[in-house]
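Here is the structure we will look at.
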Amino acid sequence: TYTRGLNPTVRMFEEMLAKLEGAEDAIGFASGMSAISSAVLSFVEPGDRIVAVRHIYPDAFRLFGTLLARMRIEVTYVDGRDEAAVASALPGAKLFYMESPTSWVMETHDIGALAALAKSRGIPTIIDNSWASPVFQRPLSLGVDVVVHSASKYLGGHSDVVAGVVAGSKELIGRIRGEAYPYLGGKLSPFDAWLLIRGLRTLPIRMRAHQASGLEIARRLRDHPIVERVCHPGLANLLPAGLTGTSGLFSFVFRDGIDIRTFADRLKLFKLGVSWGGHESLIVPGEVVLQQKAQPNSAMAFGVHPRSVRLHVGLEGTEALWSDLETAIDAAFEEKT
């Protein structure tokens, strides 16, 4: 059925996602960035100011630094782990934008505490919940107003759909549906909604598998002599309040003495790729994002170690993936020495 809004298949996906997030309503989009831009633009006007945590998704950072800058919308970036810094930045802001864990270095925040700081000042909050999915984190229950997802990632889960979704109260979703949604053109197609419905049916099972393999590989990398540190929330003694599990996406930093290009070339199961959330395991070396020629991204602005590597641990099996990493590390270390 051709419909620009309220297609029954799209509506089924929206209702399923709303239930998973504990939201009153949800609205689907043609991409994650369409969801983010539509949500943000429904809350701000030219001349306003946004507060955002640092290390957000690179294209969200670019949106804030290009299109929003042209609208004279200022963005103040803060370390979300520093509640005093957040409290100091919030007065006068019209929106607080969060992501936890953050896209590369996996900084986690006390979402409930930050949401309460914003709420006490009457400032609405948006959070990108793509990393944890509603299986492991439900930010609305912690006081956040609006949740956005790149549904291309874990919600879809099969690397065959590009989509986004926004969830929240009927009032706020109604505002987005009535203002940004009709005119920005990022409407979710019925077929993509069908693919997402298929993905949601297996989401809890897939997330538990990503968590198990990802955490085991993170532990082994932490104990490897050539690895300097691993950025994985599950390695902390205690997960932050509201985060009940972890996904397969994390990063680590090699010690000096390894040829990262050789490491990437020698991998067989892990493929080079900037996306994540599907069956396949993927890597992105930090130097790739630091050398992009387009607009500056959050990695450039806030620092990503040039010897870092981001992994997405897929569903191929823990032992096979670890063997792939070990073989590539050994080859890369020998090449450097």
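The values are calculated or read from the model by the stated rules, or taken from the named source; none is laboratory data. Note that the structure is a prediction, hence the values are computed from the model and not measured. Cβ placement follows ideal geometry from the backbone for every residue including glycine, while neighbour counts extend to all protein chains displayed.
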Could you tell me whether region 216-226 includes any residue that is touching a residue at least 60 places away in the same chain (Cβ under 8 Å), basic (Lys, Arg) and out of contact with any Cys (no Cβ under 9 Å at 6 or more places or on another chain)?
yes
Of the residues in region 91-100, those that are over 11 Å from residue 127 (Cβ atoms) and buried (at least 23 other Cβ atoms within 10 Å of the Cβ) come to 95
Taking the criterion of being modelled with pLDDT of 90 or more, touching a helix residue (DSSP H, G or I) at 6+ places or on another chain (Cβ under 7 Å) and not in a helix (DSSP H, G or I), would at least one residue in region 322-333 satisfy it?
no
